[in-house]
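As structure tokens, the structure follows; a few thoughts come after it.
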Amino acid sequence: MGEQARWTRARLGRCGPPFDLLTASFRRHVYAPHAHDEYTVGVCVGGSEIIDYRGGHIRTGPGTIVVLEPGEMHTGGPGNATDGYAYRALYAETSLLTDGTLGGLPHFREPVIDDPALAGALRTAHTRLSACPDPLEAESVLPWLLTGLARRHSTARAASDTVPGADGVARAVRDRLADELTDPPSLADLATDLGLSRYQLLRAFRTTMGVPPYAWLAQHRVHRARGLLECGLRPAEAAALVGFADQAHLTRWFRRVLGVTPAAYRNSVQDRG
């Protein structure tokens, strides 16, 4: 395990606020005492880290979640001299944790949280957004996971999960995403238009459609791209017309949905014709 760290800046929605992701792997590095303006949410992925926090010492291990609150001074360093430590962290504005809660700011009495399912989901989201920071994917996933973190593990009182007219909400969001295929609106704007919080919108959409908004839109784009490929367009041309960032992005989703690459699909359709 070497000394390396990589920062990625992503954005929530096309005009939303930026946020930072950190991928770090250290053998000897020790942080100086410092604090962040945002919540720091980290997942340990290897080794062990000792963090000085709130006058004591906390130790992480693989699969644990660590939440450090805004303004709290802390340090961090290797838990032992041989293994080092590796983690994924994101720096979240308070609003990302409070959308689905009531009763003030989330307070985490215990900074180290054992929640394997949530840790796995956070790590997966971090990996995907660090590699390809799609704004709609970030807005579909991070508020959902971070609100879930606050609802399950903080002192904030949870609001009701019920969203009146969830089917209608989901259809309205689906139709807007389909109509604005190449430049989709932010979920925050859609939620405001519908008189909902972003968490309520995400819950209504997931409950009705079975997937988050970014995944539904990607599949709809694949469906539209199929028609363009059948008309003879090249994959790069189809990708641009349906709103994918590039041909590689189209290819990833095309294979997830149909099991083949766009080029292979186009060739098979042409051969059959």
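The numbers here are math on the coordinates, done by the rules we state, and not lab data. Keep in mind it's a predicted model, so treat the numbers as computed, not measured. We place every Cβ from the backbone using ideal geometry, glycine too, and count neighbours over all the protein chains shown.
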Gyration tensor over alpha-carbon atoms, the range 58-132, equivalent ellipsoid semi-axes in Å | 23, 17, 12
Go through the range 118-135 residue by residue and turn each phi into a ³J(HN,Hα) via Karplus (6.51, -1.76, 1.60, θ = phi - 60°); whole Hz please, and just put x for glycine and proline.
-> 5, 4, x, 5, 5, 5, 4, 4, 4, 4, 5, 6, 6, 7, 8, x, 6, x
Order of Ser186, Ser160 - criterion: other Cβ atoms within 10 Å of each residue's Cβ, fewest first | Ser160, Ser186
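Please rank Met73, Met209, fewest neighbouring Cβ atoms within 10 Å first, as an exposure proxy.
Result, fewest neighbours first: Met73, Met209.
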Quick one: Cα convex hull volume of the chain, Å³ per residue?
-> 136
Placing +1 at every Lys and Arg Cβ and -1 at every Asp and Glu Cβ, with all other atoms neutral, what dipole size does the range 160-210 have around its Cα centre, in debye to the nearest 20?
-> 220
Relative to the first principal axis of the alpha-carbon coordinates of the chain, what is the inclination of helix 247-258, with its axis defined by its Cα atoms, in degrees from 0 to 90 and to the nearest 10?
-> 80
How big is the range 4-153 by Rg and Dmax over its Cα atoms, in Å?
-> 14.6, 44
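Run the helix sum for the chain: -39,500 (n - 2.57) per DSSP H stretch of 4+ residues, divided by residue count, reported at 222 nm to the nearest 500 deg cm²/dmol.
-14000 deg cm²/dmol
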Net charge contributed by nearby residues that have their C-beta within less than 15 Å of Ser160 (K/R +1, D/E -1) | +1
Which of Pro235, Ala138, Tyr265 sits farthest toward the positive end of the charge dipole of the chain, with +1 on the Cβ of Lys and Arg and -1 on the Cβ of Asp and Glu?
-> Tyr265
Between Asp37 and Thr162, Cβ-based FRET efficiency (R0 41 Å, step 0.05) works out to 0.75
Could you give me the ³J(HN,Hα) list for the range 213-219, computed from phi with Karplus coefficients 6.51, -1.76, 1.60 and θ = phi - 60°, whole Hz, x at Gly and Pro?
-> x, 5, 6, 5, 5, 4, 5
Counting other C-beta atoms within 10 Å, which of Glu69, Glu110 has the fewest, and how do the rest follow?
-> Glu110, Glu69
